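Trainee: Have a look at this one before I ask anything.
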Amino acid sequence: MRVAVLGAGLAGTCVALELAAAGLDVHLFDRAPQALSGASLGNEGKIHLGLVYANDASGRTARTMVRGAARFRPLLERWIDAADLVAMASTPFVYAMPRDSLLPPARIRAHFAEVGRLWSIAARQPGTRYLRDDLPPGWRERRVGGDDGLFDAREVTHVFESNECAIDTPMLCVRLRARLATEPGLIARYDTTIEAVHADPRGGYRVRFRHDDATGEEPFACVVNATWEQRLVLDAGLGLVPPGNVVHRYKVGLTSDDLGLAGRMPSVTFVLGPFGDTVGCPARAYASWYPAGLLRQEFGVAPDPAPIDLSPARRRELAAATLAGLRTLMPGATALGEDTLDRWQVTGGYITAWGRSGIEDAASELHERHAVGVHSDGAYHSIDTGKFTLAPLFAAEACARILQREARRA
Ligand SMILES: Cc1cc2nc3c(=O)[nH]c(=O)nc-3n(C[C@H](O)[C@H](O)[C@H](O)COP(=O)(O)OP(=O)(O)OC[C@H]3O[C@@H](n4cnc5c(N)ncnc54)[C@H](O)[C@@H]3O)c2cc1C
């Protein structure tokens, strides 16, 4: 069967590898010159257990994240050696509450306890394994200011140690690109922008694309749309209407493969509100400060195509503002010092989610991320990845639907 996978982010890459390994004739399209150059490259890489979604009182987001986190490593182990994956993992995250957190400490404690409970159930299921399984389970509260002087005790009121970690996303992308290049039966078609997908009256779909300034159109029996912030535009060509309001946020952070920074960067998430995060992986440091890094927030089916100003001067300004913002809460982190400014690169991408207001609004739908997953209409499958954490899980779910359908057809 001839399958078109649209978008070579983590979701599309996992789909393409699995369907090609199952013997299907897979064409993986991306508008970029190489795979994994969108949000799946420019993100923080946290493999969410759901701790940050404390404002979803229903617990549905935490349950969704736990499901994805439990399968992230086992699913990627099909393509990358387990030891290599673990070697890309960060130190465990510390959760710190600034005094102007949107939620009180009691809500955070109750949520963390619930996540611990959900994880202990998930971890008993066969085929599950968190990225790092060497950490003590659950979370512990520790006194602010009594430790390493990392946080400003006037700004940060509560600190919790967790067993959550992140992965070095650029390194993961390098490994996956190498895997894509060697997978037999997979035809990579980069520098190719998908313009539309239409149902073919004779059966299957016709995919229209632009490559080398020329437009082409080809038939496919099955299509997987994994184009992230462009997904709903392509769905609309088939008459599929989004069920809610969509918000596209273009967000940047700082990344560095300077081992001197990586080695001394703690992994910290500030909850709950428009604050920031830092990540320390063995060979990479990452830092983001929401007020500086949120460059665009747009509501609609697709984001404004106008280019975002990321000139060298603007990048430097963003890096300086990110480091300065994080220092207000975490003055003890030497990797965030002004003297490190030249050692960071700006990285980022779109975060597409259901919502009609920003994260500073405690009532925003952005505090939830459970209405995500695979939407299938015949042999057309559209993946709302939701989070990097969920990409391998939803890719596997899309592949299961395709392979079951193919088995019924054979
Ligand atoms: C700054 C930032 C931090 C984040 N942090 C985290 C985190 O810590 N943990 C977490 O779980 N999630 C995080 N996320 C979210 C996460 O990055 C995304 O949910 C995930 O990477 C989406 O994967 P994807 O494969 O669906 O999309 P992408 O990786 O964006 O892939 C989509 C691909 O489609 C291609 N494409 C788009 N349109 C077309 C077209 N018309 N024709 C051809 N190709 C097209 C793009 O070039 C791209 O390669 C973060 C996101 C950002 C931006």
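Trainee: In nm, what is the difference between 0.36 nm times the number of residues separating GLU195 and ARG78 and their Cα-Cα distance? Don't skip to the end; give the middle numbers.
Mentor: On the way: separation 117, 0.36 × 117 = 42.12 nm, distance 3.19 nm.
Stretched fully, the GLU195-ARG78 segment lengthens by 38.9 nm.
Trainee: For segment 357-410, what is the accessible area per residue in Å² when the probe is 1.4 Å?
Mentor: Values: 2120 Å² over 54 residues.
With the other protein chains kept in place, segment 357-410 gives 39 Å² per residue.
Trainee: Order the peptides 126-138, 389-401 from the highest to the lowest mean number of other Cβ atoms within 10 Å of their residues. Mind dumping the intermediate values first?
Mentor: Working: 126-138: 14.1, 389-401: 23.1.
Highest-to-lowest ranking by the protection proxy: 389-401, 126-138.
Trainee: Residues of segment 204-292: accessible area per residue at 1.4 Å, in Å²?
Mentor: On the way: 3020 Å² over 89 residues.
With all protein chains present, segment 204-292 gives 34 Å² per residue.
Trainee: Turning to a different aspect of this structure: So with the 1.4 Å probe, I'd like the accessible area per residue for segment 1-112, rounded to whole Å². Before the final figure, lay out the partial values.
Mentor: On the way: 3440 Å² over 112 residues.
For segment 1-112, the solvent-accessible area averages 31 Å² per residue.
Trainee: Separate question: For ASN55, list long-range residues whose amide hydrogen, built 1.01 Å from N in the peptide plane, is under 5 Å from its own amide hydrogen.
Mentor: The answer is none.
Trainee: Still on this model: Could you check how much of the accessible area of segment 224-323 is carbon and sulfur, as a whole percent, using a 1.4 Å probe? Numbers along the way, then the final one.
Mentor: On the way: 2170 of 3730 Å².
Its accessible area is 58 percent carbon and sulfur atoms.
Trainee: How would you order 309-318, 366-375 from highest to lowest mean count of nearby Cβ atoms within 10 Å? Before the final figure, lay out the partial values.
Mentor: Working: 309-318: 13.0, 366-375: 19.8.
Result, highest mean first: 366-375, 309-318.
Trainee: Let me ask something additional. Distance between Cα centroids, segment 1-28 to segment 171-233: provide it in whole Å.
Mentor: First find each Cα centre; the distance between them is then 9 Å.
Trainee: Sequence-distant or interchain residues sharing an amide H contact under 5 Å with ALA166, placed H: which?
Mentor: Those lying under 5 Å, H to H, from ALA166 are ILE47, SER90.
Trainee: Next up: Which percent of the accessible area of segment 90-165 is formed by carbon and sulfur heavy atoms (probe 1.4 angstrom)? List each step's numbers first, then the result.
Mentor: On the way: 2030 of 3820 Å².
Carbon plus sulfur share of accessible area: 53 percent.
Trainee: With a cut-off of 8 Å between alpha carbons and a minimum separation of six or more residues, what is the relative contact order of the chain in percent?
Mentor: On the way: 889 pairs, mean separation 99.8, N = 410.
Over the chain, the number comes to 24 percent.
Trainee: Could I ask something else about it? I'd like the Karplus ³J(HN,Hα) series for segment 211-227: coefficients 6.51, -1.76, 1.60, θ = phi - 60°, whole numbers in Hz, and an x wherever there's a Gly or Pro.
Mentor: Working through the residues one at a time gives 8, 6, 6, 10, 9, x, 8, 9, x, 9, 6, 8, 10, 10, 9, 10, 9 Hz.
Trainee: Report ³J(HN,Hα) in whole Hz for each residue of segment 369-381, in order, from the Karplus equation J = 6.51 cos²θ - 1.76 cosθ + 1.60 where θ = phi - 60°; Gly and Pro get x.
Mentor: 8, 10, 7, 10, x, 9, 10, 10, 9, x, 9, 10, 10
Trainee: Okay, next question. Per residue of segment 9-20, in order, report the coupling 6.51 cos²θ - 1.76 cosθ + 1.60 (Karplus, θ = phi - 60°) as ³J(HN,Hα) in whole Hz, putting x for Gly and Pro.
Mentor: Each residue of segment 9-20 in turn: x, 5, 5, x, 4, 5, 4, 4, 5, 5, 5, 5 Hz.
Trainee: Follow-up. Ignoring ligands and nucleic acids, what accessible area does TRP119 show with a 1.4 Å probe (Å², nearest 10)?
Mentor: For TRP119, the solvent-accessible surface is approximately 40 Å².
Trainee: Continuing with this model, one more query. Check ALA196: other-chain or 5+ apart residues with amide H under 5 Å from its amide H, H built from backbone geometry?
Mentor: Close amide H contacts, sequence-distant or interchain: ARG208.
The values are calculated or read from the model by the stated rules, or taken from the named source; none is laboratory data. Fair warning: this is a prediction, and the values are worked out from it, not measured in the lab. Virtual Cβ from ideal backbone geometry, glycine too; neighbours counted across all protein chains shown. Please note that ligands, DNA and RNA were not included when accessible areas were found on the heavy atoms of the full protein model with its side chains. Shrake-Rupley method; radii C 1.70, N 1.55, O 1.52, S 1.80 Å.
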